[in-house]
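Report on one structure; see the data block that follows.
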Amino acid sequence: MSILKVARMGHPVLRVPVRPLDRAEIASTTIQQLIDDMIETMEEYRGVGLAAPQVHEGVRLFVASLDAEESGDTRSEPVAIINPEIIVVGREMVEDWEGCLSIPEVRGRVPRAKEIKVRAFDRQGERVELSALDFPARVIQHETDHLDGILFFDRMRSLASLTFLEEYRRFWTKDKD
Ligand code: ZN
């Protein structure tokens, strides 16, 4: 396994919608190796999600630790989500902080659907349907956006909450419990 280079905001690869994978490709050594490397890369940089375009690969795939608390202390087995389709459940939106490995050291408040369902393939090429609420739902929406060339700045209602990580820790972590 190896740690992959993460594209930062400004790299055009982050702004291009990417192509779906078929089941034969999912089973290929290339894609299985990519998934392992993406998980290792995400963990190395203490992310909770990482999408293929962030490591310069133009395929509809992301990895995520969906059980992880935002503090990152709780270790869960990361999952690979391939060709995700999001179905929003209900109308409730929640605004909360997000960061991105492609936008290092910056946080901002982003509105997201509170509850979603996701249809996708897992890394075995099996069809899966997940339900997600709150933080995991946020992670899935953020990562799926990457597959469409969308970054979290694009979703912010206002840029007024944009915050460097140091100032986030200093001024804004207290309102979290
Ligand atoms: Zn991101």
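The values are calculated or read from the model by the stated rules, or taken from the named source; none is laboratory data. Predicted model only: the values in this text are computed from it and were never measured. Every residue, glycine as well, gets a Cβ built from its backbone with ideal geometry; the counts of neighbours run over all protein chains shown. With ligands, DNA and RNA removed, areas are computed over all heavy atoms of the protein, side chains included. Shrake-Rupley method; radii C 1.70, N 1.55, O 1.52, S 1.80 Å.
Listed values, structure above:
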{"item": "Cα gyration tensor, the stretch 96-145 - rounded (a/c under 1.5), prolate or oblate", "result": "oblate"}
{"item": "Cleavage-rule hits (GluC sites (Glu not before Pro)) in the stretch 115-171: DSSP loop, at most 15 neighbouring Cβ within 10 angstrom", "result": "Glu126"}
{"item": "Probe 1.4 Å, accessible area per residue of the chain, Å²", "result": "55"}
{"item": "Fraction of accessible area attributable to carbon and sulfur, the chain (%, probe 1.4 Å)", "result": "50"}
{"item": "Label-to-label distance, nm, for residues given as Thr30 and Ser131 (7 Å Cα→Cβ offset)", "result": "3.8"}
{"item": "P(r) weight above 24 Å for the stretch 81-177, C-alpha pairs, percent", "result": "26"}
{"item": "Between helix 135-147 and the chain: long-axis angle, C-alpha atoms, 0 to 90°, nearest 10", "result": "60"}
{"item": "Shape of the stretch 1-49, Cα gyration tensor, a/c cut at 1.5", "result": "oblate"}
{"item": "Cα gyration tensor, the stretch 1-100 - rounded (a/c under 1.5), prolate or oblate", "result": "rounded"}
{"item": "Pairwise FRET efficiency - Glu166 versus Ile3, Cβ, R0 = 35 Å, nearest 0.05", "result": "0.90"}
{"item": "The chain: C-alpha pair distances exceeding 27 Å, %", "result": "21"}
{"item": "Folded to 0 to 90 degrees: helix 29-44 orientation relative to the chain principal axis, Cα", "result": "20"}
